[in-house]
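Participant: A single structure is presented below for examination.
The values are calculated or read from the model by the stated rules, or taken from the named source; none is laboratory data. Note that this is a predicted model, so its numbers are computed, not measured. These area figures cover heavy atoms from the full protein model, side chains too; ligands, DNA and RNA do not enter into them. Shrake-Rupley method; radii C 1.70, N 1.55, O 1.52, S 1.80 Å.
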Amino acid sequence: MKRLSVYEWVVSALCMICLVLCIGWLFLHRTAPAGWWVRTERNDPYIANRPDAGFNADGLLPGEVIDLNTATRSDLLRLPNIGAVRADAILAYRGTQGAFTCVDELANVSGIGPTTLEQLRPYLSAG
């Protein structure tokens, strides 16, 4: 039987290490609990502004409607003309006044006037 050179030992060892790492990754990937994986929201402006992306530039899917009573801050930030201040104002209003009964009630939120309300209306529901 032929003796292996130092170079052949190093290459064999590196191949074995790679093989063990790949098998370990596959095992962990298949057996990890669902809570270990982090799911991120789709809010990438580079993708959202592509014409072939399948959703409009506001980050909403075509026909998507957001419920004012269950929307999170990140949901509200996807709406047109809604920045961090307006999203926080909507959440604060909902926290103090309770659930929205209709979309028109959004006009009572500070920073949202009639023009903004009309721009938002197609994207919103109130329950």
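Participant: Give me, ordered by chain and number, the residues 5 or more places off residue 124 or on other chains with an amide H under 5 Å from its own placed amide H.
Facilitator: Answer set, sorted by chain and number: 66.
Participant: Determine the order of 27, 100 by accessible area, beginning with the largest, at a probe radius of 1.4 Å. If you can, show how the numbers build up before the last one.
Facilitator: On the way: 27 130, 100 5 Å².
Sorted by accessible area, descending: 27, 100.
Participant: From the phi of every residue in region 96-109, what ³J(HN,Hα) in whole Hz does the Karplus formula 6.51 cos²θ - 1.76 cosθ + 1.60 yield, where θ is phi - 60° and glycine or proline is x?
Facilitator: 8, 9, x, 5, 6, 8, 8, 5, 4, 5, 4, 5, 6, 7
Participant: How large is ³J(HN,Hα) for each residue in region 76-81, as worked out from phi by the Karplus curve 6.51 cos²θ - 1.76 cosθ + 1.60 (θ = phi - 60°), to whole Hz, x for Gly and Pro?
Facilitator: Whole-Hz 3J(HN,Hα) from phi for region 76-81: 5, 5, 7, 6, x, 6.
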